[in-house]
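Data block below; observations after.
The values are calculated or read from the model by the stated rules, or taken from the named source; none is laboratory data. These figures come from a predicted structure and were not determined experimentally. Positions of Cβ are generated from backbone atoms using ideal geometry, with glycine treated the same way; all protein chains shown enter the neighbour counts.
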Amino acid sequence: MHPARDDQDSDSTRCVSPFAGSVFLVGMMGAGKTSVGKLLARHLGKTFHDSDQVIEARTGVRISLIFELEGESGFRAREAAVIEELTALKDSVLATGGGVVLDARNRELLKTRGTVVYLRASVNELWNRTRHDRNRPLLQTGDPYTRLCELHAERDPLYREVASITVETGAQSLKSLVAKLEQRLERLQRPAPSSPHVGA
């Protein structure tokens, strides 16, 4: 379960943010990257893309089947090619797969081509959102909770490495989370006030 969905904004409440450039969302499976990304893109007047959805559309199969047939290495190769392409698009919001940061080239592309936002959630929150989802191939083990803990421990430092902004998702509504994220993005782009000139 992702952060709670609010009713879609009416046209009268939509606005286009002055934030320039692309925004790339990273985080663990279940962090809400797709839900947040769609609403954020609408608010910012940008195009939304989801790297996992692009891979599934192009292959015609679910991510879980790609893992089954090609292994994780096969999926990561496909993912890297899609990330190279999608990060080159202008003025977009991109939701990435949870393991995108494992590849050094992906991390470099994310850091240099846009603003990276880490949607962070605790392991327990992630577990509550993913425990019944059978389309999470890395959790199809005898002890999925322990595996989730291991993945979080491995990836959290990498998410922090690439991110300009880290947002704790918690139990807040989707609308509230996106509003806070917009404020953080605008503050990040706002020029820093100049220091008062002190005469000699």
Notebook entry, point to check: Can you find a residue in the range 123-145 that is farther than 17 Å from Met29 by Cβ, buried (at least 17 other Cβ atoms within 10 Å of the Cβ) and in contact (Cβ under 8 Å) with a residue 40 or more places away in the chain?
Noted result: no
Notebook entry, point to check: Using beta carbons and a limit of 9 Å, which pairs, at least six apart or on different chains, have the first residue in the range 146-167 and among the acidic types (Asp, Glu) and the second one in a helix (DSSP H, G or I)?
Noted result: Glu154/Leu102; Glu161/Val101; Glu161/Arg107; Glu161/Lys111
Margin query: Out of everything in the range 23-67 that is touching a strand residue (DSSP E or B) at 6+ places or on another chain (Cβ under 8 Å) and at positive phi, what residue ends up being modelled with the highest pLDDT?
Written below: Gly27
Margin query: Quick check on Val23: is it touching a residue at least 24 places away in the same chain (Cβ under 8 Å) and farther than 16 Å from Val178 by Cβ?
Written below: no
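Provide a single number: the residues in the range 112-127 that are of a type in the set (S, T, N, Q), assigned to a helix (DSSP H, G or I) and modelled with pLDDT of 95 or more.
Just the residues of the range 112-127 that are of a type in the set (S, T, N, Q), to begin with: 112, 115, 122, 124.
Of the ones still in play, those that are also assigned to a helix (DSSP H, G or I) are 112, 124.
This time we only want the ones that are modelled with pLDDT of 95 or more, so: 112.
So the answer is 1.
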Margin query: Looking at the range 161-180 only, could you name the residues that are touching a His at 6+ places or on another chain (Cβ under 9 Å) and assigned to a helix (DSSP H, G or I)?
Written below: Leu174, Val178, Ala179
Next item on the list: Hey, can you tell me all the residues within the range 92-106 that are within 22 Å of Cys149 (Cβ to Cβ) and not in a loop (DSSP other than H, G, I, E, B)?
Entry: Val100, Val101, Leu102
Item checked: Conditions (1) among the β-branched types (Val, Ile, Thr); (2) in contact with a Lys or Arg (Cβ under 9 Å, 6 or more places away or on another chain); (3) under 15 Å from Leu40 (Cα atoms); number of the one not met by Thr115 -> (2)
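Residues Leu109, Leu151, Leu89, Leu158: which one is closer than 22 Å to Ala77 by Cα and either within 12 Å of the chain's Cα centre (by Cα) or in a loop (DSSP other than H, G, I, E, B) (or both)? Step through it out loud before you land on a result.
On the way: Leu109 fails: either within 12 Å of the chain's Cα centre (by Cα) or in a loop (DSSP other than H, G, I, E, B) (or both); Leu151 fails: either within 12 Å of the chain's Cα centre (by Cα) or in a loop (DSSP other than H, G, I, E, B) (or both); Leu158 fails: either within 12 Å of the chain's Cα centre (by Cα) or in a loop (DSSP other than H, G, I, E, B) (or both).
Sole residue among the options that is closer than 22 Å to Ala77 by Cα and either within 12 Å of the chain's Cα centre (by Cα) or in a loop (DSSP other than H, G, I, E, B) (or both): Leu89.
When you look at Ser64, is it in contact (Cβ under 8 Å) with a residue 12 or more places away in the chain and polar (S, T, N, Q), yes or no? Walk me through how you get there before you give the answer.
Working: in contact (Cβ under 8 Å) with a residue 12 or more places away in the chain: yes; polar (S, T, N, Q): yes.
For Ser64, the condition - in contact (Cβ under 8 Å) with a residue 12 or more places away in the chain and polar (S, T, N, Q) - is met.
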Check: From the list Arg76, Arg105, which residue is surrounded by fewer than 16 Cβ atoms within 10 Å (Cβ to Cβ) and under 17 Å from Arg155 (Cα atoms)?
Finding: Arg105
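Can you tell me which of Ala104, Ala121 is among the hydrophobic types (A, V, I, L, M, F, W, C), more than 19 Å from Ala41 (Cα to Cα) and in contact with a strand residue (DSSP E or B) (Cβ under 9 Å, 6 or more places away or on another chain)?
Working: Ala104 fails: in contact with a strand residue (DSSP E or B) (Cβ under 9 Å, 6 or more places away or on another chain).
When all the criteria are applied, what remains is Ala121.
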Checklist line | Selection count where residues are more than 16 Å from the chain's Cα centre (by Cα) and without any contact (Cβ under 8 Å) to a residue 40 or more places away in the chain, scope the range 67-84 | finding: 10
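Of the residues that make up the range 65-81, is at least one closer than 30 Å to Glu182 by Cβ, in a helix (DSSP H, G or I) and β-branched (Val, Ile, Thr)? Give the steps one after another, and end with the answer.
First pass over the range 65-81, keeping only residues closer than 30 Å to Glu182 by Cβ: 79-80.
Still in the list and also in a helix (DSSP H, G or I): 79-80.
From what is left, the residues that are β-branched (Val, Ile, Thr) are none.
Among the residues of the range 65-81, not one is closer than 30 Å to Glu182 by Cβ, in a helix (DSSP H, G or I) and β-branched (Val, Ile, Thr), which makes the answer no.
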